[in-house]
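The structure under discussion appears below in the form of structure tokens.
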Amino acid sequence: MPKNQKSVLTLFKHVYIMPHFVIDCSLHILELQEPDTITREVHQAANNTGLFDEADIKVRLNPFKEHYLVGGNKGDFIHVFANIMEGRTTAQKANLSKAIVSKLKSMFPEISFIAINVNDFEKATYCNRNMV
């Protein structure tokens, strides 16, 4: 196998496991828990599933002060958008969803809208700066 082909295969193996967790929430959520605590707990819940290398897990938090509605009203919410490389089973993704929502529910028992969706992205179309 040519040297450069091996490095591309090694790189693809590495990016296969790279997840992103983007947390949208109402600003009031940050009065209930510290932002760093929220991101650390979501990171740990994802890591505990065993689906990812801990160093590859990325978590971001986007609080909304205005310009949002929950059920037609301005209420508190947390929604996590999980973007992971394709290849996990439906059961693995469901377990990931339940783990993160369970953690958030325990942290925010008074918040009635806590949800997550898991999206797969394709290896064939994924690109980062190390791949060009």
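Just so you know, all these numbers are worked out from the coordinates, no wet-lab data involved. The model shown is predicted, which means the values in this text are computed figures rather than measured ones. When we count neighbours, we look across all protein chains shown, and the Cβ atoms used for this are built from the backbone with ideal geometry, even at glycine.
Details
- Residue-span extension gain [Thr37 to Asn128] - 0.36 nm each, minus C-alpha spacing: 29.9 nm
- Applying both filters, DSSP loop and at most 16 other Cβ atoms within 10 Å, to the chymotrypsin sites (Phe, Trp or Tyr not before Pro) of region 25-132 gives Tyr68, Phe113, Tyr126.
- Placing +1 on the Cβ of every Lys and Arg and -1 on the Cβ of every Asp and Glu, with no other charges, gives the chain a dipole of roughly 580 debye about its Cα centre.
- Total formal charge among the other residues, if their Cβ is under 10 angstrom from that of Pro19, Lys/Arg +1 and Asp/Glu -1: 0
- Charge dipole of the chain about the Cα centre (unit charges at C-beta), most positive-ward option of Ile78, Tyr68, Met18: Met18
- Summing Cβ point charges (Lys, Arg +1; Asp, Glu -1) relative to the Cα centre of region 86-132 gives a dipole of roughly 140 debye.
- The Cα-based radius of gyration and maximum Cα-Cα distance (Dmax) for the chain are 16.9, 60 Å.
- Since only Ser112, Leu30, Ala55 are under comparison, the one whose Cα sits farthest along the positive direction of the charge dipole of the chain, derived from C-beta charges on Lys, Arg, Asp and Glu, is Ala55.
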